[in-house]
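One structure is given here, and the rest of the page talks about it.
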Amino acid sequence: MGVEEDLEDLNALAESTDAAVDGQAALASAVDSVTLQPAPPILPPVIPPPAVPVVAPVPTIPPVLRPLAPLPIRPPVLRPPAPKRDEAGSSDSDSDHDGTAAGSTAEYEITEESRLVRERHEKAMQDLMMKRRGAALAVPTNDKAVRARLRRLGEPMTLFGEREMERRDRLRMLMAKLDAEGQLEKLMKAHEDEEAAASAAPEDVEEEMLQYPFYTEGSKALFNARIDIAKFSITRAALRLERARRRRDDPDEDVDAEIDWALKKAESLSLHCSEIGDDRPLSGCSFSHDGKLLATCSMSGVAKLWDTCRMPQVNRVLTLKGHTERATDVAFSPVQNHIATASADRTAKLWNTEGTILKTFEGHLDRLGRIAFHPSGKYLGTTSFDKTWRLWDIESGEELLLQEGHSRSIYGIDFHRDGSLVASCGLDALARVWDLRTGRSILALEGHVKPVLGVSFSPNGYHLATGGEDNTCRIWDLRKKKSLYTIPAHANLISEVKFEPQEGYFLVTASYDTTAKVWSARDFKPVKTLSVHEAKITSVDITADASHIVTVSHDRTIKLWTSNDDVKEQAMDVD
């Protein structure tokens with residue numbers, strides 16, 4: 001009973017489901033059969049526009065035609081030449097279209113700047129390749145062999161101002177050029193000629209090589225002068241050394257006391273006399289060997305002699321006229337009363353005390369600087385702006401020696417007390433010491449930073465003083481070959497330096513700062529400043545007994561300085 005009721009309930013549920021499905025289908029068909037009407041659109045209310053007054057029409061203006069600016073003119077463009085067909089066909093290219101690449105190359109334009117850059121690059125590459133080629137070539141190192149090969153190659157053996165290394169470099173570049181041009185036959189022929197000449201006369205080549213370094217053979221007169229100077233210097237040096245040993249070994253000799261006495265006299269120096277020397281600035285002065293005469297020279301070309309015996313006045317004795325240009329220096333002979341003058345007319349003249357010209361020394365190519373006598377009195381040294389100094393024979397007037405060695409003009413000169421050495425200084429900021437017996441330059445004293453104008457040997461034999469445009473005075477020790485002391489002496493250039501000629505106990509410097517100063521030779525401290533001149537001081541000199549000092553200046557005056565002790569002694573002698 002229960003089962004049957006369940007089956008009946010299931011059947012009733014299925015029937016109700018089918019009926020619901022049939023009702024939905026009928027409703028859908030009814031909806032499809034009804035036609036839907038579209039709803040009318042909703043429009044906003046229409047607002048009438050505001051009333052606008054009528055405006056008159058704007059008249060039309062015809063357009064104004066303005067001239068156009070001219071087009072810029074382009075510079076001409078250089079086009080490279082089109083490559084040949086065979087070259088274009090044989091060139092390698094990574095692209096597959098060779099025709100397109102050739103066409104683009106033909107249309108490529110190069111500016112003038114690019115062309116110049118390319119030419120410079122090509123030239124630099126050629127020079128580099130030439131240098132590499134030249135470095136790989138074997139070039140002779142001997143200068144004579146270099147000259148011989150240049151001659152065989154048809155080139156000048158030497159050019160003006162050319163040195164050995166420059167000549168060898170020129171040969172190297174020439175050989176590299178011939179090698180690059182393919183002219184190896186000419187090069188090999190020159191090499192074979194050299195080998196043949198070397199094998200034919202090897203002894204002659206050895207003799208020629210032995211003559212190196214180059215030297216100029218001197219005259220017979222110079223040879224005799226060197227012998228005479230050697231004999232004179234040996235005697236003088238022996239006497240100087242003997243005196244130095246005696247003073248060292250003698251217990252009664254007190255060198256310090258002598259130096260103190262000399263410095264005390266120098267400290268008491270005072271102006272004793274002042275005299276107008278010329279109408280033009282004075283340029284040089286010198287005492288005679290006995291101190292009785294004074295010689296001065298000026299820019300007027302005139303030299304004058306003065307009598308110094310009648311202190312406190314100096315009286316003019318003689319006027320020496322002979323130069324055509326300004327006089328640059330004057331010097332008294334250490335043996336005789338002969339005067340030498342130098343001038344900008346490139347000559348030096350020798351005079352006697354009567355005003356007669358004894359000799360005229362001609363040969364310099366430019367104006368002269370300072371002059372000095374050899375201690376023997378037989379020779380005269382002159383300096384010049386032609387970069388040489390010369391040695392002259394007083395007796396014959398012959399030029400014995402023409403010495404080069406400075407790179408610029410030579411101005412100052414001084415002889416050693418023994419006569420064996422001479423020192424020169426110049427505008428190359430260098431001082432050189434020369435051996436007159438051999439002709440060699442034995443010392444080159446470097447230290448000044450500007451031209452050196454004054455040089456002086458000390459009587460002790462081993463000290464040398466130099467002064468220049470760097471306002472300093474340097475003391476050099478010839479034994480140690482170096483600078484011993486540097487004195488910051490003046491506020492302007494130093495025109496001349498002089499050691500006291502008797503013992504060398506003090507040193508005097510003259511400067512363009514209108515002062516002359518006395519310095520101790522023991523410790524190079526200042527002792528006295530002589531400041532009376534109103535313009536540049538050009539020269540200074542000291543008498544042989546160190547009793548008087550004279551200075552000349554551009555203010556045209558001669559100032560004579562004397563120690564007060566000497567003045568008192570003279571007054572006592574007069575009494």
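The values are calculated or read from the model by the stated rules, or taken from the named source; none is laboratory data. The shown structure was predicted, so the numbers you read here are calculated from the model rather than taken from an experiment. Quick reminder, even Gly has a Cβ in these numbers, built from the backbone with ideal geometry, and neighbours come from all protein chains shown. Ligands, DNA and RNA are stripped out before the accessible areas are found, and what is left, the full protein with its side chains, is counted by its heavy atoms. Shrake-Rupley method; radii C 1.70, N 1.55, O 1.52, S 1.80 Å.
Tabulated data for the structure shown
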| read-out | value |
| --- | --- |
| Rounded accessible area of residue 250 (nearest 10 Å², 1.4 Å probe) | 50 |
| Extension reserve of the residue 477-residue 317 stretch, reckoned as 0.36 nm per residue once the Cα distance is removed | 53.5 nm |
| Sulfur and carbon atoms: percent of accessible area, segment 509-561 [1.4 Å] | 44 |
| Accessible-area composition of segment 380-500, carbon plus sulfur, in percent [1.4 Å probe] | 43 |
| Set of segment 515-545 residues, backbone N closer than 20 Å to the point 7 Å along the Cα-Cβ line of residue 260 | 519-528 |
| Which of 464, 478, 365 is most accessible, then next, and so on - probe 1.4 Å | 365, 478, 464 |
| Linear extension gain, residue 177 paired with residue 193, 0.36 nm per residue minus alpha-carbon span | 3.8 nm |
| Net charge contributed by nearby residues that have their C-beta within less than 12 Å of residue 497 (K/R +1, D/E -1) | 0 |
| Probe 1.4 Å, all protein chains present, accessible-area order of 169, 179, largest first | 169, 179 |
| Pair residue 169, residue 235: separation of 7 Å Cα→Cβ label points (nm) | 5.4 |
| Candidate residues 474, 245: accessible-area rank, largest first, probe 1.4 Å | 245, 474 |
| Rg and Dmax [Cα atoms of segment 220-573; Å; Rg one decimal, Dmax integer] | 19.0, 58 |
| Normalised contact order of segment 267-316, rounded percent, pairs of Cα under 8 Å and 6 or more residues apart | 31 |
| Flagged links, alpha-carbon separation over 28 Å, of 481/536; 292/349; 349/559; 265/480; 264/559 | 481/536; 265/480 |
| Potential extension, residue 159-residue 245 segment - 0.36 nm per residue separation minus Cα distance | 25.4 nm |
| Above-threshold pairs, the threshold being 25 Å between Cα atoms, out of 231/304; 450/525; 387/517 | 231/304; 387/517 |
| C-alpha center-to-center spacing [segment 380-416, segment 111-134] in angstrom | 51 |
